[in-house]
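To start, the structure itself, in structure tokens.
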Amino acid sequence: MKTYVLILAGGKGTRMNAAVNKVLIPLCGKTVLLRSVLAFSPFADEMVIVCRPEDRSIIFDEISRENLPFPVRFAPGGHTRQGSVRNGISVISPLPDDIILIHDAARCLVDNELIRRVIQSVTEHGTGVPGIPVTSTYKICDKDSFVISTPERASLYEIQTPQGFTAGIYLPLIMKASEKGLDFTDDAGLLEYYHTPVKIIRGSSDNIKLTLPDDLKRARTILEGDDPTVRIGMGYDVHRLVKNRNLVLCGVSIPYEYGLLGHSDADVALHALMDAMLGACALGDIGKHFPDTDDCYSGISSLVLLRETCMLLKKAGYQPANIDITIVAQKPKLLPYIPQMAENIASVLKLSVSSVNVKATTTEQLGFEGRMEGISAYAVCTVIRIESGL
Ligand code: MG
């Protein structure tokens, strides 16, 4: 039995008043869409992202960086929600027992427990739709806003996604509805029309749908609830010393008969620093962001990568606060170059030089650094939270 996940991201999100489609807005370091995709990572066997053709390449790039353990396909958005679902379904071939989960990308705070409850319900009942009992009183009105009736509150639920169904139940119904030109604003509505029982399971109050600018604020509060203002990261790197290479440390070229071997300028100290910065923000490591399989990084100055790393932090809502680096090298003597190293880093990261400490040590001829086979570097970096922009 496989689980197919349809992520619906085909709308424009105009009510968000943002410069980009709302699903592409960064929210504490990850876009709304990526957060939704990652939420299903433990459950999906296959995924379809239904999006506008103009958003596809940017979404594809972002998803590709994640090395997801399941195939991701794309389908174009339809004119209606049901049209989008139909487009998404047309690129997969589930068996009748397989599970289809349909999720609005804008509900990016969906948690593992909720998804697990939906899957459990589909396994037991063939359907599973999360809902929250309403706390307000609702009125049904006519077109002139005169009340017709008051539904009993105890029987009312506010419905969320993901909505889950077995393919055997869902696919024949959506085909039938499409042939008849019927259109439903939610997936459960389709089942109701054909008198197929829909099981409601417990939703989550944090599983909000991001529609208006205020929803983003609320989402940030939920995400950052326990997130401390100051975070810390550490980095470590080693490069081999070889002939016929320049030795570059913290952006300073140091005259020496050996240099460090690597794809970029092999600036081991800046590599350790960038890993510390990324680590502090839980953004992975430099291999993920600047892969050495990518020719555009061949021979590149690591100061350029440091600037880009700083941008990644900014996007995630952080800036570096202070830095401490230890370079471990038996030779050459680094002391004369240390002030310039600290200045290079401070200038790229727009920090006061008093917030950047670089030091060097030998290992008393012990280990690979002592035998002058390579140089290693350790870095620690604290970051502080800034208001992340849209
Ligand atoms: Mg390296």
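Given the structure, is Ser302 in contact with a strand residue (DSSP E or B) (Cβ under 8 Å, 6 or more places away or on another chain) and polar (S, T, N, Q)? It is true that Ser302 is in contact with a strand residue (DSSP E or B) (Cβ under 8 Å, 6 or more places away or on another chain) and polar (S, T, N, Q).
Each residue in region 348-390 was checked for being among the β-branched types (Val, Ile, Thr), out of contact with any helix residue (DSSP H, G or I) (no Cβ under 8 Å at 6 or more places or on another chain) and within 23 Å of Leu305 (Cα to Cα), and 1 pass. Scanning region 158-194 for residues that are more than 25 Å from Ser205 (Cα to Cα), assigned to a helix (DSSP H, G or I) and charged (D, E, K, R) turns up Lys176, Glu179, Lys180. Among the candidates Gly251, Gly233, the residue that is closer than 24 Å to Pro339 by Cα, at pLDDT 95 or above, more than 10 Å from the ligand (Cβ to nearest atom) and open to solvent by less than 20 Å² (accessible area, probe 1.4 Å) is uniquely Gly233. One residue stands out among those in region 261-270 that are out of contact with any helix residue (DSSP H, G or I) (no Cβ under 6 Å at 6 or more places or on another chain) and not in a loop (DSSP other than H, G, I, E, B): the one that is nearest to the ligand (Cβ to nearest atom), which is Val268. For region 292-324, taking the residues that are under 21 Å from Met341 (Cβ atoms) and among the aliphatic types (A, V, I, L, M), the one that is modelled with the lowest pLDDT is identified as Ile300. Checked against the criterion of being of a type outside the set (Ser, Thr, Tyr), under 22 Å from Phe368 (Cβ atoms) and either away from the ligand (no atom under 13 Å from the Cβ) or crowded, with 19+ Cβ neighbours inside 10 Å (or both), the candidates Leu210, Leu216, Leu273, Leu283 yield just one match: Leu273. Among the residues of region 10-37, those identified as in contact with an Asp or Glu (Cβ under 7 Å, 6 or more places away or on another chain) and under 22 Å from Leu114 (Cβ atoms) are Cys28, Thr31, Leu34.
Please enumerate the residues belonging to region 54-105 that are open to solvent by less than 30 Å² (accessible area, probe 1.4 Å), assigned to a loop (DSSP other than H, G, I, E, B) and hydrophobic (A, V, I, L, M, F, W, C). Of everything in region 54-105, those that are open to solvent by less than 30 Å² (accessible area, probe 1.4 Å), assigned to a loop (DSSP other than H, G, I, E, B) and hydrophobic (A, V, I, L, M, F, W, C) turn out to be Phe70, Ile92, Ala105. Pairs are defined by a Cβ separation below 8 Å, a sequence spacing of at least 6 or placement on different chains, a first member in region 23-51 that is assigned to a loop (DSSP other than H, G, I, E, B), and a second member that is basic (Lys, Arg); the pairs so defined are Cys28/Arg220; Gly29/Lys315; Phe43/Arg116; Asp45/Lys2.
Check region 308-319 and report whether any residue there is within 19 Å of Ala379 (Cα to Cα), within 14 Å of the ligand (Cβ to nearest atom) and out of contact with any Cys (no Cβ under 7 Å at 6 or more places or on another chain). Yes - at least one qualifying residue is present in region 308-319.
The values are calculated or read from the model by the stated rules, or taken from the named source; none is laboratory data. Predicted model, so just to flag it, every value in this text is computed and none were measured. Cβ: placed from backbone, ideal geometry, glycine included. Neighbour counts: every protein chain shown. These area figures cover heavy atoms from the full protein model, side chains too; ligands, DNA and RNA do not enter into them. Shrake-Rupley method; radii C 1.70, N 1.55, O 1.52, S 1.80 Å.
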